[in-house]
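A short reminder: the numbers here are calculations on the coordinates, not readings from a lab. Only a predicted model underlies this, so the values are computations on that prediction, with no experimental measurement involved. Glycine also receives a Cβ, built like all others from the backbone with ideal geometry; neighbour counts cover every protein chain displayed.
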Amino acid sequence: MGDAPVIVWFRNDFRLRDHPALKAAVATGSPVIPLYILDEETPGPWAPGGASRWWLAKSLAAFAHTSATCGGQLILRRGAVLRELPRIVEESGATAVYFTRSYEPWAVALENELKSRLETSGVAFKRYGGRLLREPEEVRTHTNGAYQVFTPFWRAFVNGLDVPRALAAPEQIASPSQPPKSDDLRDWELLPVKPDWSGGLAEAWQPGESGAHARLAGFKSQLAGYKEDRNRLDATGTSRLSPHLAFGEISPAACWRAATGAARGKGGLDQSIETFMRELAWREFSYSLLVQFPRLPEAPLKSEFADMPWLDDPAQLAAWQRGKTGYPVVDAGMRELWATGYMHNRARMITASFLIKHLLIPWSRGEAWFWDTLVDADLANNSASWQWVAGCGADAAPYFRIFNPILQGQKFDPHGNYVRRWVPELAQLPDAVIHAPWTAKAHELAQYGVVLGTTYPFPIVDHGRARARALDAYKKMKAT
């Protein structure tokens, strides 16, 4: 056993199971220093938002606890990684840094710079996979570019996919006799205080590795109806694994293995299981795009959209953010987001389409709001998905496909239960008018205590006129 320690640098991989870098570090027989550095400088505008900071605080606390059960002591430091990581290497006398690869543009540059600096000074810098099922470089077109249409990506992705066997958590993590000094997590003040808006998040989520596996176990019992139920706003048909995946509390390999296990139990793939697998692959598709196009979070993949005649309307943006657009299904989605740090995927599409096409507000404004308010904020998924809705990204829905929020509500929340939950001022309205309360007769509104313009807003735009305006803007862009 060597006396010089090995650092395992954690970022968004807060788990003990299915962790190749941690397993390799423990296998050296050297003392191990689990390290997390809160770097709010290097990511620039993509430092963790408010909801992510809440999850980070809870996830770090859970990870520190589970690490301690097998002897590990999580060391916390705050500052730019380029300063703090070499500093702790020097303090500890570590001979190697093991870590899981990341894919964000700043993370790629950071890893390259650290490799150069540390290896020049004789410190090994060892990178491992685990955040994705396949590395983006493995799934490329015949011209070695990223696929920009999902279906051929999916075919290439599953062809030759070799999902690793489960890695158990280490039984023992040997700590150095004198561990480096650690920050106190409470001093970082990641949790909201004045005001504390996180009550709904705490009710909805259990951050941490055990919470992630509990979520997966619960979802497996619902998987049979996934293909149909995942689009129903009034059903619990989605996996809700995304924040656990974003923070690496569970590996995508564990999720894939659960799906293949379910398939074996049924004697083969069914449509629900394959649909769930395709959703996991869509995450990989987004990362492939981000690696190939590192400006994806800031610039449209289809460059002509840089000439789109967007509008700047702070009042309408604020109405959308607060869930006061006058369209119940849109408002329900935005209020669910604010209360729980999460939004049903169908509601994400509806609310994003409304912002971009009904209000003609740039997709990047919505992307920034989601980044701050989502507990599953993930740069690759967030930017690729917003560009998909806007029509300017890969495999994108055409810009001229404009969701009618009334029809979307009627189709995916047919009895209005989703709206009733998140827009309680409309809860007493009958199904027939709950998705368009302005169509109700005056005596109906009075009977159910709804005063349009007072207890609930009138629509901030007319659907028909907004649709025509969006199509006209698209024609102008195409003509430039």
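In Å, what Rg and Dmax follow from the Cα atoms of the chain?
Gyration radius and largest Cα-Cα distance of the chain: 23.8, 81 Å.
So which aspartates and glutamates pass the test for residue 302, namely a Cα distance under 15 Å, with those fewer than 8 places away in the same chain ruled out?
Leaving aside aspartates and glutamates fewer than 8 places away in the same chain, those within reach of residue 302 are 395.
If you filter the range 428-480 for trypsin sites (Lys or Arg not before Pro), then keep DSSP loop positions with at most 11 other Cβ within 10 Å, what is left?
Details: sites: 441, 465, 467, 469, 475, 476, 478; in loops: 441.
Hits after loop and neighbour filter: 441.
Provide, for q = 0.10, 0.19, 0.21, 0.25 Å⁻¹, the log10 of I(q)/I(0) from a solvent-free Debye sum over equal Cα point scatterers in the range 193-292.
-0.32, -1.00, -1.15, -1.39
How big is the equivalent ellipsoid of the range 351-425 along its three axes, where each semi-axis is √(5λ) from the Cα gyration tensor, reported in whole Å from largest to smallest?
On the way: eigenvalues 105, 56, 24 Å².
Semi-axes, largest first: 23, 17, 11 Å.
Which ordering of 187, 270, 413 is given by a fewest-first count of other beta-carbon atoms within 10 Å?
Details: 187 9, 270 15, 413 27.
In order of increasing Cβ crowding within 10 Å: 187, 270, 413.
From the Cα gyration tensor of the range 1-118, with a ≥ b ≥ c the square roots of its eigenvalues, which class applies: rounded if a/c is under 1.5, or else prolate if a/b is larger than b/c, or else oblate? Please report the intermediate quantities before stating the final value.
Values: a/c = 1.78, a/b = 1.20, b/c = 1.48.
Oblate is the answer for the range 1-118, as a/c is 1.5 or above yet b/c matches or exceeds a/b.
With an 8 Å cut-off on Cα pairs and a minimum separation of 6 or more residues, tell me the relative contact order of the range 303-479 in percent.
RCO, the range 303-479: 28 percent.
Please report, in whole Å³, the volume per residue of the convex hull around the C-alpha atoms of the range 303-479.
On the way: hull volume 18.5 nm³, N = 177.
Spread over its residues, the Cα hull of the range 303-479 gives 105 Å³ apiece.
So which chymotrypsin sites (Phe, Trp or Tyr not before Pro) in the range 185-275 end up in coil per DSSP with only 11 or fewer other C-beta atoms within 10 Å? Please list the in-between numbers first.
Working: sites: 188, 197, 205, 219, 226, 247, 256; in loops: 197, 205, 247.
Here no chymotrypsin sites (Phe, Trp or Tyr not before Pro) fit, given the DSSP loop and packing criteria.
Between residue 204 and residue 479, what is the label-point separation in nm under the 7 Å Cα-to-beta-carbon projection?
In this crude label model, residue 479 to residue 204 measures out at 4.3 nm.
Sticking with the crude label model, points 7 Å out along Cα→Cβ, report the distance from residue 220 to residue 117 in nm, one decimal please.
Result for the modelled spin labels: 4.3 nm.
Normalised by the residues of the chain, what does the relative contact order come to in percent, with Cα pairs under 8 Å and at least six apart? Walk me through the intermediate numbers first.
Values: 765 pairs, mean separation 82.2, N = 480.
With pairs under 8 Å counted, the relative contact order is 17 percent.
Near residue 304, within a Cβ-to-Cβ distance under 14 Å, what is the net charge of the other residues, with Lys and Arg +1 and Asp and Glu -1?
On the way: positive: 302, 475, 476, 478; negative: 307.
It works out to a net charge of +3.
In whole angstrom, note down how far apart the Cα centers of the range 282-305 and the range 345-390 are.
The range 282-305 and the range 345-390 have Cα centres spaced 14 Å from each other.
Whole angstrom only: what separates the Cα centroid of the range 1-33 from the Cα centroid of the range 244-280?
A separation of 27 Å, based on Cα centres.
Residue 68 versus residue 84, label points 7 Å from Cα toward the beta carbon: distance in nm?
Spacing of the two 7 Å Cα→Cβ label points: 2.0 nm.
Mind listing which GluC sites (Glu not before Pro) in the range 176-230 are in a DSSP loop and have 12 or fewer other Cβ atoms within 10 Å? The partial results should precede the final answer.
On the way: sites: 189, 203, 209, 228; in loops: 189.
Taking the range 176-230 and a limit of 12 other Cβ atoms within 10 Å, the loop GluC sites (Glu not before Pro) found are 189.
Would you please classify the overall shape of the range 51-94 from the alpha carbon gyration tensor, given that a ≥ b ≥ c denote the square roots of the eigenvalues, rounded means a/c under 1.5, and beyond that prolate means a/b larger than b/c while oblate covers the rest? Walk me through the intermediate numbers first.
Numbers: a/c = 4.77, a/b = 1.29, b/c = 3.70.
Oblate, since a/c reaches 1.5 and b/c is not below a/b.
Report the gain in length on full extension from residue 397 to residue 307: 0.36 nm times residue separation, minus Cα-Cα distance, nm rounded to one decimal.
Details: separation 90, 0.36 × 90 = 32.40 nm, distance 1.85 nm.
Full-extension gain reported as 30.6 nm.
Taking a cut-off of 17 Å between Cα atoms, list the lysines near residue 115, but don't count ones fewer than 8 places away on the same chain.
Those lysines meeting the cut-off are 126.
Mind running the shape call on the range 405-471? Use the C-alpha gyration tensor, a ≥ b ≥ c as the square roots of the eigenvalues: rounded below 1.5 for a/c, prolate if a/b tops b/c, oblate otherwise. Before the final figure, lay out each step's value.
Values: a/c = 2.08, a/b = 1.36, b/c = 1.53.
Oblate is the answer for the range 405-471, as a/c is 1.5 or above yet b/c matches or exceeds a/b.
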